[in-house]
Amino acid sequence: MIFLLGSSFYSFLFVLVLRLQRHEDFVYKRSYCFSCHHVLSFYDLIPIWSYILFNGKCRYCHQKIPRTYFIVEAIGGTLALLCFIYYPSYQACFLFMFISLGLLMSVIDILEQHIYLFSLRAFALINIVYSLYDVLSLKEHLWGVLLPYLFLKACRYLIKDSFGDGDIDLWMILGGMLGIKCLIYAFIGSIYLATLYALYLRFFKKDTLTKTIPYVPFMMLSSLLTLLLLRI
Ligand SMILES: [Zn+2]
């Protein structure tokens, strides 16, 4: 059951990313096959099982459905299971949502160099709810929000375009949840990871670094590691 919920959620997120890229409405428009445009029934949308049952093909036009759907759904299901095996249920829920939304924002940052407001709001909401059940003092949470705001705005004032608005908002949300101490670890970690990646590009891919490196994946990865190692 948990596996099914996890894979359904990832199936939804995957379609969301595809629709955002096509600039389509993702709230009201029903799911349809991307090749024959046939509207899909509930029966066609059961994650993984539909894929296996119809042999990875659309039931209407028999076009092959990209294997990515299957892989994304399998990852979602497995991740949900792992969270619920290793953590008590409210922490597992939070962790699953944290990783999922973090992945969503990372993928969109890589593809479009952009953070959508709805994903930022959803992410803020789960982090605030989680912080309500937290052991940290209110002061630590508040400083976690305030410090990135002051520090990153100052950085941007000194070095133009060093951090985007989305990056600052995201650090404030993460800081509010992690608390001031863990936030500093997460921030330093993210800079290390991004620098390592830049060095990797420079020396192994002979990349001239003309394009900017997406920063959200490193923020999320570093914050997740800090969360797992120090906070949960
Ligand atoms: Zn079709």
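Counted as qualifying within the range 165-232 are the helices (runs of 4 or more DSSP H) with 2 or more residues that are among the aromatic types (Phe, Trp, Tyr), namely 180-204.
Any residue at all in the range 68-80 that is outside any helix (DSSP H, G or I), surrounded by fewer than 18 Cβ atoms within 10 Å (Cβ to Cβ) and not small (Gly, Ala, Ser)? Within the range 68-80 (the criterion being outside any helix (DSSP H, G or I), surrounded by fewer than 18 Cβ atoms within 10 Å (Cβ to Cβ) and not small (Gly, Ala, Ser)), the answer is no, since none of the residues qualifies.
Every residue, every condition in (1) at pLDDT 90 or above; (2) farther than 13 Å from Val145 by Cβ, yes or no:
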site	(1), (2)
Leu174	yes, no
Gly179	no, no
Ile184	yes, yes
Phe187	yes, yes
Leu196	yes, yes
Lys211	no, yes
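Applying the set (1) assigned by TED's automatic domain parsing to the domain that holds Pro217; (2) polar (S, T, N, Q); (3) under 28 Å from Gly76 (Cα atoms) to Ser106 leaves exactly one unmet item: (1). Quick one: is Cys93 farther than 25 Å from Asn127 by Cα and not assigned by TED's automatic domain parsing to the domain that holds Leu229? No: the conditions fail for Cys93.
Selection of the range 30-56 for residues being of a type outside the set (Val, Ile, Thr) and not in a loop (DSSP other than H, G, I, E, B) yields Tyr32, Phe42, Tyr43, Asp44, Leu45, Trp49, Ser50, Tyr51, Leu53.
Annotation: Cys61 fulfils all but one of (1) away from the ligand (no atom under 16 Å from the Cβ); (2) modelled with pLDDT of 85 or more; (3) touching a His at 6+ places or on another chain (Cβ under 9 Å); (4) not in a helix (DSSP H, G or I); the unmet one is (1). When the range 21-44 is limited to residues that are small (Gly, Ala, Ser) and farther than 26 Å from His114 by Cα, the one that is surrounded by the most Cβ atoms within 10 Å (Cβ to Cβ) turns out to be Ser35.
The one condition from (1) at positive phi; (2) surrounded by fewer than 13 Cβ atoms within 10 Å (Cβ to Cβ) that Gln113 does not meet is (2). Restricting the first member to the range 43-62 and to residues that are closer than 18 Å to Ser8 by Cβ and polar (S, T, N, Q), and the second to residues that are at pLDDT below 85 and surrounded by fewer than 18 Cβ atoms within 10 Å (Cβ to Cβ), the beta-carbon pairs closer than 8 Å and six or more apart or on different chains are Ser50/Tyr43. The residues in the range 88-108 that are touching a helix residue (DSSP H, G or I) at 6+ places or on another chain (Cβ under 6 Å) and farther than 20 Å from Val17 by Cα can be counted, and the count is 3.
The values are calculated or read from the model by the stated rules, or taken from the named source; none is laboratory data. What you see is a predicted model; the values in this text were computed from it and never measured. Every residue, glycine among them, receives a Cβ derived from its backbone with ideal geometry; neighbour counts consider all protein chains shown.
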